[in-house]
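*Asks:* Sending over a structure as C-alpha cells; questions will come in a sec.
What follows draws every value from the coordinates through simple rules; no lab data is involved. Note that this is a predicted model, so its numbers are computed, not measured. Every residue, glycine as well, gets a Cβ built from its backbone with ideal geometry; the counts of neighbours run over all protein chains shown.
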Amino acid sequence: MPNVKLVNVRKTFAKGRVVAVDQVNLHVHDKEYFALVGPSGCGKTTTLRMIAGLVEPDEGQIFIGDRLVSELPPEDRDIGYVFQQYALFPNMDVWDNVTYGPTVKAWEDRKRERIGREMLQMVRLYERADAVPRELSGGMMQRVALSRALAAGAELLLLDEPLGALDAKIRTELRYEIRKLVKDLDLTAIHVTHDQSEAMAVSDRIAVMKKGRILQVGTPHELYMKPQGIFVANFIGESNFLEGRIVRKEGKAGVIVRLRGDFDVKSRSNGRLKAGAKVVLAIRPEAFELVQGKEKLENSLVGVIEKVRFEGTDIRYEIRLVNDEKVIVVRPSLGGEWLEEDNNVTIGFSPEKSHMFPYPEKGLRAELELE
C-alpha cells in the first residue's frame with residue numbers, strides 16, 4: 001500500500017517569477033485520508049498535480065511507496081485522479097467511462113466486467129450504466145468520476161476539489177460517502193480543498209498551506225485546538241484577534257496582557273515572549289461567556305451587541321467593545337437567554353482558551369490575508 005513523501009519540492013512558473021510551491025516536505029501515511037487546504041493560489045493543486053505527474057517539479061523528490069516517481073509519467077504511477085469538473089467522456093455512457101482504464105490496460109473481458117459492476121454497485125449507479133453524462137445530476141457525475149478513478153486498481157486516490165461544483169447538501173452527503181469508500185477499500189487519499197469544514201469532516205490529518213508553504217500539519221482536533229500561528233487559527237474555524245502588550249507575568253504559566261482600550265486580561269504564556277512584547281490573542285467565538293449588563297467575569301470585556309444571527313446550531317453575536325471599537329464574534333451554546341441588538345453586555349474567557357502569538361512584523365491584517 002502506498003505512502004507518499006515529498007522532499008524539498010519546489011515549483012515556479014513564469015520563468016521563476018511566480019513561486020507556486022516552496023520547499024515543501026510532506027509525508028502522507030499508508031491508508032491515510034489526508035487533506036491539503038488553503039486559500040486559492042496557495043499551491044495545493046500544484047502540489048497534487050506534481051504527485052500525479054501532471055506537473056514536473058523544479059527541485060526536490062517525490063516518492064510513492066518506495067519508488068522515486070519525480071520523473072515518471074502519470075500512467076506509470078498507479079494513481080486515480082478525480083477532477084473538480086468530473087472530466088467524463090461526454091460521448092461514452094456510464095459503463096464505458098468507468099471501464100475505460102481496464103479497457104486501455106487490455107484487461108480480460110471477465111475481469112473488466114466484474115470491476116465495472118462492482119464499482120457501479122459501490123456508488124449506487126449500476127442501474128444508470130447506460131446513461132450518458134448529460135443525463136446525470138452533478139452528484140451522480142462525481143460518483144462516476146470517482147468509480148472510474150478506482151476501476152483501474154489504483155491504491156492512491158488524488159482528489160482535486162472533488163465537491164466544489166456541487167450544491168451544499170449534496171456536497172455534505174457525498175464527502176462522507178467518499179471517505180467511507182476510501183476506508184472500505186484501504187486506499188490512501190489526498191484531498192485538495194479550500195473548504196476547511198470539508199477537510200475537517202473527512203480527513204485523518206490536514207496540511208494548511210499559504211503562499212506555497214506548509215504552515216502546519218495535524219489532525220483536525222490539533223489544528224483547531226492548538227494552532228501554531230495566526231493564519232491557521234483564522235483559516236481553521238473562526239477566531240477573534242485581540243492586540244495588546246504583555247504587562248507582567250502572572251503565576252507560573254500566565255501573563256497579564258493590556259489590550260487596546262486598556263482592558264487587562266490574563267492569558268497563557270508561550271514561554272518566549274517577555275514583558276513589553278506586542279502580542280495577538282486568538283480566542284474562538286465559543287470560548288466566550290456572555291451575560292447582559294455589567295457583571296464580573298474572568299477576563300471581563302464590556303461592549304454593545306451590534307448584530308444577532310440565529311444559525312441553527314447556535315446564535316452568532318457581533319459585539320463592539322467599548323473604548324476599542326473592536327468587533328468580537330461570540331457563539332454561546334443554545335439554551336441561554338436570547339439577547340437583543342443594542343444590549344449592553346459583558347463577555348469573558350478562560351486564559352486556557354486563549355492562544356498568544358507574537359505580533360506579526362507586517363501587521364495583523366497582512367498576516368490574515370488569503371492572497
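*Asks:* Among 338, 107, which comes first, second and so on when ranked by fewest other beta-carbon atoms within 10 Å?
*Replies:* On the way: 338 10, 107 18.
With the fewest neighbours first, 338, 107 line up as 338, 107.
*Asks:* Could you run the Karplus curve 6.51 cos²θ - 1.76 cosθ + 1.60 with θ = phi - 60° over segment 23-29 and give me ³J(HN,Hα) per residue in whole Hz, x for Gly and Pro?
*Replies:* 6, 7, 10, 8, 10, 9, 7
*Asks:* Something else about it: Tell me which residues come under 5 Å, amide H to amide H, from residue 131 once H is placed; ignore anything under 5 positions away on its chain.
*Replies:* Those qualifying (amide H under 5 Å, at least 5 residues apart or on another chain) are 94, 95.
*Asks:* What percent does the relative contact order of segment 4-234 come to when contacts are Cα pairs within less than 8 Å and at least six residues apart?
*Replies:* 28
*Asks:* Separate question: Tell me, what ³J(HN,Hα) does each residue in segment 275-292 have, in order and in whole Hz, if you take phi through Karplus 6.51 cos²θ - 1.76 cosθ + 1.60 with θ = phi - 60° and put x for Gly and Pro?
*Replies:* Here the 3J(HN,Hα) series is 4, x, 5, 7, 9, 10, 9, 9, 9, 5, x, 7, 7, 7, 9, 10, 9, 7 Hz.
*Asks:* Of all DSSP beta bridges located in the chain, what percent are antiparallel, nearest 5?
*Replies:* Numbers: 63 of 81 bridges.
DSSP beta bridges in the chain are roughly 80 percent antiparallel.
*Asks:* Please report, in debye to the nearest 20, how large the charge dipole of the chain is about its Cα centre when each Lys and Arg carries +1 at its beta carbon and each Asp and Glu carries -1 there. Walk me through the intermediate numbers first.
*Replies:* On the way: 55 positive and 56 negative charges, 243 e Å.
Dipole size: approximately 1160 debye.
*Asks:* Whole Å is fine, so just give me how far the alpha carbon centre of segment 243-301 lies from that of segment 5-72.
*Replies:* 40
*Asks:* Among the listed pairs 44/362; 210/362; 249/274; 183/211; 226/266; 211/362, which have their C-alpha atoms separated by more than 20 angstrom in this model?
*Replies:* Working: 44/362 24 Å; 210/362 15 Å; 249/274 8 Å; 183/211 31 Å; 226/266 18 Å; 211/362 15 Å.
Going by Cα-Cα distance, 44/362; 183/211 fall outside the 20 Å limit.
*Asks:* Any aspartates and glutamates with Cα under 15 Å of the residue 353 Cα? List them, leaving off those in the same chain fewer than 8 positions away.
*Replies:* Within the straight-line limit of under 15 Å, residue 353 reaches these aspartates and glutamates: 222, 238, 286, 289, 298.
*Asks:* Okay, moving on. So if I place +1 on the C-beta of Lys and Arg and -1 on the C-beta of Asp and Glu, and nothing else carries charge, what would the dipole magnitude of segment 238-368 be about its Cα centre? I want it in debye, nearest 20. Walk me through the numbers on the way to the answer.
*Replies:* Values: 23 positive and 22 negative charges, 192 e Å.
My answer is approximately 920 debye.
*Asks:* In what order do 27, 221, 355, 194 fall by count of nearby beta-carbon atoms within 10 Å, going from fewest to most?
*Replies:* On the way: 27 14, 221 9, 355 23, 194 19.
The order, fewest Cβ neighbours first, is 221, 27, 194, 355.
*Asks:* Let me ask something else about it. Which cross-chain or sequence-distant (5 or more) residues have an amide H under 5 Å from the amide H of residue 240, H modelled 1.01 Å from N in plane?
*Replies:* Answer set, sorted by chain and number: 283, 284.
*Asks:* Name the residue from 141, 61, 100 whose Cα lies farthest towards the positive end of the charge dipole of segment 4-234, charges +1 on Cβ of Lys and Arg and -1 on Cβ of Asp and Glu.
*Replies:* 61
*Asks:* Which one of 122, 265, 163 is farthest out on the positive end of the charge dipole of the chain, using unit charges on Cβ (Lys, Arg +1; Asp, Glu -1) and the Cα centre as origin?
*Replies:* Checking the options against the dipole of the chain, the answer is 265.
*Asks:* Determine ³J(HN,Hα), in whole Hz, for all residues of segment 346-353 in sequence, where each value follows from phi through the Karplus function 6.51 cos²θ - 1.76 cosθ + 1.60 and θ = phi - 60°; x replaces Gly and Pro.
*Replies:* Whole-Hz 3J(HN,Hα) from phi for segment 346-353: 10, 10, x, 8, 7, x, 5, 9.
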